[in-house]
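What follows is calculated from the coordinates using simple rules that are stated; it is not laboratory data. Please read all numbers here as calculations on a predicted model, not as lab measurements. Ideal geometry is used to build each Cβ from the backbone, glycine not excepted, and the neighbour counts take in all protein chains shown.
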Amino acid sequence: MRLILLGPPGAGKGTQAQRIVEKHGIPQLSTGDMLRAAVAAETEVGKLAKAVMDAGKLVSDDIVIAIVSERIDQPDCANGFILDGFPRTLVQADATEAMLKAKGLDLSVVIELKVNDKELVRRVSGRYSCAQCGSVYHDTDRKPAVEGVCDKCGSTHFKRRPDDNAETMTQRLEVYYKETAPLIGYYYAKGKLKTVDGMAEVDTVTSEIEGILSGL
Ligand code: AP5
Ligand code: ZN
């Protein structure tokens, strides 16, 4: 199963991807996570990406395409993968198609999570995650069962992203509508698009996605 989770910042792509990983045992390929790891490791790519990410703009197509192309060649991607946050431009979408075609593979489905801007800003401004395992939480409505302790790994260390502030979020939304939203029509025309109401409860969104995946 090779699927793309498509949606604006804060739509719940990472949250749902983690659940698909747990249920289906295929890896989550988040270009955002990969770039943040490169920034933390101060690699050449990380140095180039940091300022762009902090400003809420897109890292260049060449860089992210190279990262994904290398990642999907890893053995754990043999049975499928979830693309989270990639592709994000029409150039990246064409590159994805070319990458898969070169391997004789096909895309199973593109799941679009639809959420309105007000809710996106609310979600992103309250988001934090476990510094150890990456589990995602929210200040008001997605707290760990025991405050300050990660549900999944028991860590007590959490972090926030530098781009999760109102000003950068405005820029990220602008970029989404200009560069990424055209992919909705692109995949609709290819008969690959399924749209899910991302405003619903996390568990409801998960059930909707599972319904789509079980019908593949
Ligand atoms: P990236 O890391 O991909 O961020 P993003 O697309 O902006 O998406 P987010 O991670 O912010 O949101 P999400 O949809 O995963 O939501 P989440 O599940 O966390 O990209 C960051 C940057 O990297 C980009 O700006 C760019 O610079 C660069 N980059 C990355 N990929 C690139 C590419 N392909 N090309 C070029 N540049 C690239 O949920 C958000 C919050 O809401 C959480 O607190 C969660 O608990 C809560 N929540 C989730 N679902 C629900 C729900 N149903 N109800 C209530 N709360 C919910
Ligand atoms: Zn954890």
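Things worth noting here:
- Counting every alpha-carbon pair across segment 154-196, the share separated by more than 15 Å comes to 62%.
- Computed about the Cα centre, the dipole magnitude for the chain is approximately 40 debye when only Lys and Arg (+1) and Asp and Glu (-1) carry charge, each at its Cβ.
- One decimal place: the segment T156-S69 gains 27.9 nm when fully extended, by the rule 0.36 nm per residue minus the C-alpha distance.
- In the chain, helices alone account for a calculated mean residue ellipticity at 222 nm of -13500 deg cm²/dmol, with every DSSP H run of four or more residues adding -39,500 (n - 2.57).
- Translational diffusion coefficient (Stokes-Einstein; Kirkwood radius from C-alpha pairs) of segment 96-216 at 20 °C, 1.002 mPa s, in µm²/s: 127 µm²/s
- Principal axis extents of the Cα atoms in segment 31-99, from largest to smallest and rounded to whole angstrom, are 34, 26, 17.
- Spin-label pair D117-M99: with each label point 7 Å from Cα along the Cα-Cβ axis, the two points sit 3.1 nm from one another.
- Efficiency of FRET between K57 and C133 - r from beta-carbon atoms, R0 25 angstrom, step 0.05: 0.30
- Cα-based Kirkwood hydrodynamic radius, segment 47-139, one decimal, Å: 15.8 Å
- Cross-linked pairs K101/K152; K47/K143; K152/K190; K159/K190; K143/K190; K57/K101: Cα-Cα separations exceed 31 Å for K101/K152; K47/K143; K152/K190; K159/K190; K143/K190.
- Residues of segment 20-59 with an amide N closer than 16 Å to a point placed 7 Å from the Cα of E174 along the Cα-to-Cβ direction: 52-59.
- Normalised radius of gyration (Cα atoms, divided by 2.2 N^0.38 Å) for the chain: 0.98.
- Span from the segment 27-54 Cα centroid across to the segment 142-191 one, whole angstrom: 15 Å
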